[in-house]
Amino acid sequence: MTSEQIERLFYANGYCKTQSNLPEFTFYWRKENQGITVILVIDYRRDIYISVDQYAHVKEKIEEFFRARGEREIHMLSLILSSDMEKSKRLCITDPFCWMIDSETRRLMIHENQVNDFYGLRTVLEDYLTGFPTDADAGGAATEEKRTYGTQAYGEKEWNRERIAGLPWVSICLVAVNVVVFLICTFTGELLYNKGAFGIRQITKDQSYYRMITSMFLHSDIHHLFSNMIVLYCIGEIVEKKVGHIPYVIIYFLSGIMGDIFSMGYELLSGEYYNSVGASGAVFGVEGALLFLLAIHHGKLEHVTLGRLAFVITFSLYCGFTESNINNAAHIGGVLMGFAVTAVIMVLRPHIRTGKDRDVNEN
């Protein structure tokens, strides 16, 4: 395992590289929604000696580097490459955010006092170490990434561009569109609800299949809108960052459409016909997507745990079944579709490489 192979790995995962004044210290960083993620790579295989004080000083300087650029949330993990685990352990012994890689056996070493995972990086490293690509396989991608990111610190323009690109633009736009449509509805009365609400009677009457989309942007009242948008943004930004903008759009709309399909099925089976509005089917799809992402990241992702999310989904479904005018079929269809589509996207990802009536039920 060489520092060049580590470099290719981080480039391929969207990190930028900055070389310190000391050749054995290199750090890679990536702009996240919650701040900056930094990986400090220490090449400790040479005939050098690093004291604990020097190690702490370097970490402090890296934090100062990012704080000088306006960053307040800095999450750093040290990664020590060495064939002498005892020597490396001396640096890591008091630092819970420090892992070691045995350069000879290509094994990731994490001790009991250290964090078990770091934003999903453990799986990435272990997969790479157990079967990392040859130079021929990775060389082209690494060369392209070097042209994109360079090997030195970004200038201010590039820095700002990276920060802007890292924003959850799809989530922001979806929330904005829902709010604007709701404001329009307050001035147009029943017009948009009559034209855009979803129900099997309207679909069969005039083949207005567009209602499967338009109903996702209509809400019965301000409470309905607020509850959906809060969940959409808080959870959506995590999913969007992990899967990418376009896959996130696919997850959102396919989940909303599947929610409508489940709703139609329930209407036919129960004989109860109604009009539905709301983004809840799509929002539950985003929750289903996060559920899958948590499952493949050892149950924790960006301060969200698998148990907590499972509780939120279960509690939301329970509230829907115990309250009136709630379209639970859409919720179930949405969460199942979100989970399934995300699973497909994550399996294909290595190959595709990213880039009314007012008597309504609420989704």
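Bear in mind that the values in this text are calculations on the coordinates, not laboratory data. Since the model is a prediction, treat every value here as computed from it, not as a measurement. All Cβ positions, glycine included, derive from the backbone under ideal geometry; neighbour counts span all protein chains shown.
Assorted remarks:
- Over all pairs of different C-alpha atoms in region 1-99, the reciprocal of the mean inverse distance, the Kirkwood hydrodynamic radius, equals 14.0 Å.
- Given +1 at the Cβ of Lys and Arg, -1 at the Cβ of Asp and Glu and no other charges, the dipole of region 166-244 around its Cα centre is 220 debye to the nearest 20.
- Rounded to 0.05, the FRET efficiency of the E4 and T188 pair, given R0 = 41 Å and the Cβ-Cβ distance, is 0.10.
- Between L268, C173, L183, the Cα set farthest toward the positive side of the dipole of region 172-292 (charges on each charged residue's Cβ, about the Cα centre) is that of C173.
- Sorted into 5 angstrom bins from 0, the C-alpha pair distances of region 183-237 split as 4, 18, 23, 21, 16, 12, 5, 1 percent.
- As computed over region 165-204, the Cα convex hull volume per residue (Å³): 78
- From largest to smallest, the equivalent ellipsoid semi-axes obtained for region 42-135 from the alpha-carbon gyration tensor read 23, 18, 13 Å.
- Across region 171-302, the volume of the C-alpha convex hull divided among the residues equals 111 Å³ per residue.
- Neighbours of C173, meaning other residues whose beta-carbon lies under 14 angstrom from its beta-carbon, give a summed charge of -2 when Lys and Arg score +1 and Asp and Glu score -1.
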